[in-house]
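Encoded as structure tokens, here's the structure I'll be asking about.
The values are calculated or read from the model by the stated rules, or taken from the named source; none is laboratory data. Quantities reported herein were computed from a predicted structural model and do not represent experimental measurements. Here the Cβ is made from the backbone with ideal geometry for all residues, glycine too, and neighbour counts use every protein chain on show.
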Amino acid sequence: MAKYNVLVLGSGGREHALAWSLSRSPLLGKLYISPGNPGTAALGDNVDIQPAADAPPGPEAWFEAIDSFLREKEIALTVVGPEQPLVDGITDYLEARGHKVFGPSKAAAQLEGSKTFAKWLMHKYEIPTAESIEFSGEAALHDLEAWLSMENENWPVVIKADGLAAGKGVFISHNRAESLDHINRIRGDAELRKAAGKIIVEEFMEGEEASVFAITDGRNARLLLSAQDHKRIGEGDTGLNTGGMGAYGPAPVIGERMLRLVEDTILYPTLGAMQLEGHAYRGVLYLGLMITDEGPKVVEYNCRFGDPECQVLLPAMKSDLLELMLATVNFELEKTEVSMSDDHFCCVVMASGGYPEAYAKGMEISGLDKVSGEALVFHSGTRSSDGKLLTNGGRVLSVVAHGADLKSAIDNCYREVDKISFENAYHRRDIGAKGLKRSG
Ligand code: AMP
Ligand code: GLY
């Protein structure tokens, strides 16, 4: 059987889950992760691919270093975890040099990288989403302020700065005064001001949020899993936004009928639209949805696996991830089937106390040896030192368990979480609670 060497780019829980899933494939030759983390070190070789010391700034020097690595190690497939390199064009750069990359091109990654592009596409192809107006140019903020003061009658509105703003660029304004305050916050933040050359104002969609993940080679797609993330730090979805404090799947809010609607009204129309625009989308497409009374609508697209959704999605997948990824990059997805577990999966993120604001690092983690073999622990922010495992980030570990129903998946997950400790550890106790309410 042919074996394929693979490079995974990234260092979080998502990338640990990718490395874990790839390492189970009989097709895998050698696995490299750059930079990886102590969790991925147990599955393959962690390497830290860096641009040459005298290279000019910008992503190309790093891409060049990756190109050399791929040739030296005879890598058959590069899997890009996070969005930034995709938006910067890593796929185009490496493909132009003969490599296979799982992840969309720069133009296709605009679905995540540019909210104005995504909105324009959805409006043009009548893909269900919130109504919106765009303001652009130097006077964008000024024009927006005037529009909100004089013309808008429907509150709340959602104000979004274009570009990747690490979740900071979205404001929900309930009235005029609040919207002016939000505009001033954008003016006062250098990074947001940069993104504010293009601003979108959206209708506020009422409903429950959930996401659907699909893998696609541009023409064919395979649904993977529906899931629900928990973005806020506090229980009951309160407090500051985070990268994600836990996830579960499948999401009961997306039943069979809803899933068909998502496929027919959102997934395939999006792939068709991208093809027609000359930007065929290849990789994993993350549909961030609002399930409204009028059906599913797009909140956002992402061009990569979610973190922590990936940590439930991949354990729930019975198919060979490497085989699916190779089929994707070779435009052969049509020949494959995806098989998912009938079980339910839950992931609880253990974080450093204080996250997403200031937090301490370097706390010793204990109890991992007591975790059941039925559960999985993916590393997000850890480092090893003298044989000890230490915390090294805001989100530290993703603990994943499954069960025949959502309740047992959640119970099984928290049983394992309670065995793990480090100083000042924090996690939400209500991961999956919304799903339980719905599934009764
Ligand atoms: P985004 O970065 O576009 O995903 O927005 C971040 C979060 O803001 C989403 O996960 C939603 O919770 C919320 N949000 C964004 N747009 C809307 C909208 N049009 N209606 C309601 N909530 C929204
Ligand atoms: N969990 C949210 C994200 O990956 O964007």
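Taking the stretch 201-250 as the region of interest, how many residues are more than 9 Å from ligand 1 (Cβ to nearest atom) and part of a strand (DSSP E or B)?
27
Yes or no, residue by residue, for (1) modelled with pLDDT of 90 or more; (2) in contact with a helix residue (DSSP H, G or I) (Cβ under 7 Å, 6 or more places away or on another chain); (3) buried (at least 19 other Cβ atoms within 10 Å of the Cβ):
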| site | (1), (2), (3) |
| --- | --- |
| Ala139 | no, no, no |
| Glu151 | no, no, no |
| Trp155 | yes, no, no |
| Ala166 | no, no, no |
| His174 | yes, no, no |
| Ile215 | yes, yes, yes |
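So, one more: Filter the strands (runs of 3 or more DSSP E) completely within the stretch 263-371 down to those with at least 2 residues that are touching an Asp or Glu at 6+ places or on another chain (Cβ under 7 Å). Reasoning before the result, please.
Values: elements: 283-292, 295-302, 344-352.
The strands (runs of 3 or more DSSP E) meeting that bar are 283-292, 295-302.
Related question: Among the helices (runs of 4 or more DSSP H) lying completely within the stretch 1-85, list those that include at least 2 residues that are within 15 Å of Ser380 (Cβ to Cβ). Explain how you work it out, then say what you get.
Details: elements: 13-23, 38-41, 59-72.
Helices (runs of 4 or more DSSP H) meeting the threshold: 13-23, 38-41.
Within the stretch 188-210, work out how many residues are modelled with pLDDT of 85 or more and touching a helix residue (DSSP H, G or I) at 6+ places or on another chain (Cβ under 6 Å).
2
Looking at (1) under 23 Å from Asp143 (Cα atoms); (2) hydrophobic (A, V, I, L, M, F, W, C); (3) within 13 Å of ligand 1 (Cβ to nearest atom); (4) at pLDDT 90 or above, which is the one condition that is false for Leu180?
Leu180 satisfies all of (1) under 23 Å from Asp143 (Cα atoms); (2) hydrophobic (A, V, I, L, M, F, W, C); (3) within 13 Å of ligand 1 (Cβ to nearest atom); (4) at pLDDT 90 or above except (3).
May I ask you to list pairs of residues, at least six apart or on different chains, whose Cβ atoms are under 6 Å apart, with the first in the stretch 53-64 being free of Cβ contacts under 8 Å to residues at least 60 places away in the same chain and within 17 Å of Val87 (Cα to Cα) and the second being of a type in the set (Asp, Glu) and surrounded by 13 or more Cβ atoms within 10 Å (Cβ to Cβ)?
Once the first residue is free of Cβ contacts under 8 Å to residues at least 60 places away in the same chain and within 17 Å of Val87 (Cα to Cα) and sits in the stretch 53-64, its partners that are of a type in the set (Asp, Glu) and surrounded by 13 or more Cβ atoms within 10 Å (Cβ to Cβ) give Pro59/Asp88.
Take Gln110 and tell me if it is surrounded by fewer than 20 Cβ atoms within 10 Å (Cβ to Cβ), at negative phi and under 17 Å from the mean Cα position of the chain (by Cα).
Working: surrounded by fewer than 20 Cβ atoms within 10 Å (Cβ to Cβ): no; at negative phi: yes; under 17 Å from the mean Cα position of the chain (by Cα): yes.
When the stated conditions are applied, Gln110 does not pass them.
Then there's this: Please determine whether any residue of the stretch 332-352 is closer than 30 Å to Asp162 by Cβ and of a type outside the set (A, V, I, L, M). Give the derivation first.
First, the residues of the stretch 332-352 that are closer than 30 Å to Asp162 by Cβ: 349, 351.
Adding the requirement that they be of a type outside the set (A, V, I, L, M) leaves none.
Among the residues of the stretch 332-352, not one is closer than 30 Å to Asp162 by Cβ and of a type outside the set (A, V, I, L, M), which makes the answer no.
Run down Leu70, Leu77 and say which single residue is more than 24 Å from the chain's Cα centre (by Cα), buried (at least 21 other Cβ atoms within 10 Å of the Cβ), in contact (Cβ under 8 Å) with a residue 40 or more places away in the chain and closer than 16 Å to Val8 by Cβ. Spell out how you get there, then give the answer.
Working: Leu77 fails: more than 24 Å from the chain's Cα centre (by Cα).
Exactly one of Leu70, Leu77 is more than 24 Å from the chain's Cα centre (by Cα), buried (at least 21 other Cβ atoms within 10 Å of the Cβ), in contact (Cβ under 8 Å) with a residue 40 or more places away in the chain and closer than 16 Å to Val8 by Cβ, namely Leu70.
Still on this structure, I have one more. I'm trying to understand the selection: among the residues of the stretch 25-40, which are surrounded by fewer than 17 Cβ atoms within 10 Å (Cβ to Cβ) and without any contact (Cβ under 8 Å) to a residue 60 or more places away in the chain? Please lay out each step first, then the result.
Step one: of the stretch 25-40, the residues surrounded by fewer than 17 Cβ atoms within 10 Å (Cβ to Cβ) are 26, 29-30, 35.
Correct list: Gly29, Lys30, Pro35.
Out of Leu376, Leu406, Leu436, Leu390, which single residue is within 19 Å of Gly306 (Cα to Cα) and within 26 Å of the chain's Cα centre (by Cα)?
Details: Leu406 fails: within 19 Å of Gly306 (Cα to Cα); Leu436 fails: within 19 Å of Gly306 (Cα to Cα); Leu390 fails: within 19 Å of Gly306 (Cα to Cα).
None of the other options fit; the residue is Leu376.
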